[in-house]
1. Being modelled with pLDDT of 90 or more and either touching a strand residue (DSSP E or B) at 6+ places or on another chain (Cβ under 7 Å) or over 22 Å from A300 (Cα atoms) (or both) is true for just one of M70, M51, M89, M46. Which residue is that?
2. Hey, does region 237-248 have a residue that's of a type in the set (K, R), under 25 Å from F168 (Cα atoms) and surrounded by fewer than 18 Cβ atoms within 10 Å (Cβ to Cβ)?
3. For region 275-313, name all the residues that are of a type outside the set (D, E, K, R), closer than 18 Å to G259 by Cβ and touching a residue at least 40 places away in the same chain (Cβ under 8 Å).
4. In the list F234, F276, F225, F301, which residue meets the criterion of being aromatic (F, W, Y) and closer than 19 Å to F64 by Cβ?
5. Would you check if L298 is out of contact with any Leu (no Cβ under 7 Å at 6 or more places or on another chain) and more than 25 Å from V18 (Cβ to Cβ)?
6. Restricting to region 176-195, give me the number of residues that are touching a Ser or Thr at 6+ places or on another chain (Cβ under 9 Å) and assigned to a helix (DSSP H, G or I).
7. I'm trying to understand the selection: among the residues of region 201-247, which are part of a helix (DSSP H, G or I), within 30 Å of G62 (Cβ to Cβ) and more than 25 Å from the chain's Cα centre (by Cα)?
8. For region 47-162, give me every one of the helices (runs of 4 or more DSSP H) that falls completely inside it and has 1 or more residues that are surrounded by 13 or more Cβ atoms within 10 Å (Cβ to Cβ) and among the β-branched types (V, I, T).
Amino acid sequence: MKRPALIGLGVIALVVTVIGFVISVREVAAAFLVAYAATLSVVLAMLALIMIARLTTATWFGAFRRSAEMVVGALPVLALLGIPLIVAMPALHPGAVPGSARAIYGATPFLVARFVVYWIVWLALAAGMRSAQRLEDRGDLVGAARRFRRVSCAGLILLGLTMTFASFDWMMSLTPEWYSTVYGVYWFAGGTVAALALLALLARARTAPTNADDLQSLGKLMLTFVMFWVYAGFAQYIVIWSGNIPREVTWYVSRNRGGWGALAIILLVASVAIPFLLLLLLRVKRSGVLLGTLGGLLVAFHYVDTYWVVMPALIPVTWWTVAVSIAVLVLVALLAIGSAAIAARAGQRLST
């Protein structure tokens, strides 16, 4: 899409968002939380993929490394966008009994402190990987490999912990009487599926074709994480449903009735069944067009999945809610894409 079209799309999205803000602040805040959580999970999962590739010396990932680094370049603007998220948190989260452990943990000062810690860790990890990349670009391969290993070993642990607690703080706490230890894993797995899908989509958009063997490796990893993501979701579902504890089961009851139930079926078909069957085919995994098209589907349905997880706990959904949600998503996505492109151009200038 050309720049004038993107600007026009952004202006329309901004107008719809402003109108939505005037009508209902809570509605816009809920839409922003969904868009922010979906986008951030993809960017952080992309950072994890880069670290995993460096630790395992995955040579096939070299074809996608620049695209992955470009996506991670959106982290600074997402850190700034986290400020309105923190401001909106009191309006989104239900109150807890004063003096209880939940009230203390969810108190605004402690919530803000954890938010700052998360972002210090994430930005530091991204900066560490960039500094190692600069060493590699200058020809210091030994020093770069050593720094990549150090940052990645500690980084994957820190990233897993911070993403888990961030998912608890921002999303799971929307339903204070319900909890799941798999919640953070589910968020990370869904983000990783979307991150791999985004790499396939970006590979399709390139002028130069990507090697079929590299595409096949990417397709295999997509299949692996699709299965991991659905396994995490099914494990959570079967444990809670078989336990049949009312305060736990109600989380699924509200998401399996009416339109939410229909959306759950669509999600299972479009983001699990169809990708699983297609990724079993060698022809799909080795085709940039087919894999990129499937990647676009998975990226879109990652947002839909986040919407299904988060929105039922916040507000009733109408056609206007959906319109506002799409507008907010467009704004967040455009800001993330713009900052990623700027970071990529800056990185190219530094490397040369």
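1. Selected residue: M51, the only one of M70, M51, M89, M46 that is modelled with pLDDT of 90 or more and either touching a strand residue (DSSP E or B) at 6+ places or on another chain (Cβ under 7 Å) or over 22 Å from A300 (Cα atoms) (or both).
2. Within region 237-248, one or more residues are of a type in the set (K, R), under 25 Å from F168 (Cα atoms) and surrounded by fewer than 18 Cβ atoms within 10 Å (Cβ to Cβ).
3. Hits for region 275-313 are Y303, V304, T306, Y307, W308, V309, V310, M311, P312, A313.
4. On the way: F234 fails: closer than 19 Å to F64 by Cβ; F276 fails: closer than 19 Å to F64 by Cβ; F301 fails: closer than 19 Å to F64 by Cβ.
Just a single option satisfies the conditions, and that option is F225.
5. On the way: out of contact with any Leu (no Cβ under 7 Å at 6 or more places or on another chain): yes; more than 25 Å from V18 (Cβ to Cβ): yes.
So L298 fits the description; yes.
6. 12
7. First, the residues of region 201-247 that are part of a helix (DSSP H, G or I): 201-205, 212-243, 246-247.
When the remaining residues are screened for being within 30 Å of G62 (Cβ to Cβ), the result is 201-205, 212-232.
Across region 201-247, the qualifying residues are A212, D213.
8. Ranges flagged: 65-72, 75-92, 108-137.
The values are calculated or read from the model by the stated rules, or taken from the named source; none is laboratory data. Predicted model only: the values in this text are computed from it and were never measured. Backbone-built Cβ (ideal geometry, glycine too); neighbour counts: all protein chains shown.
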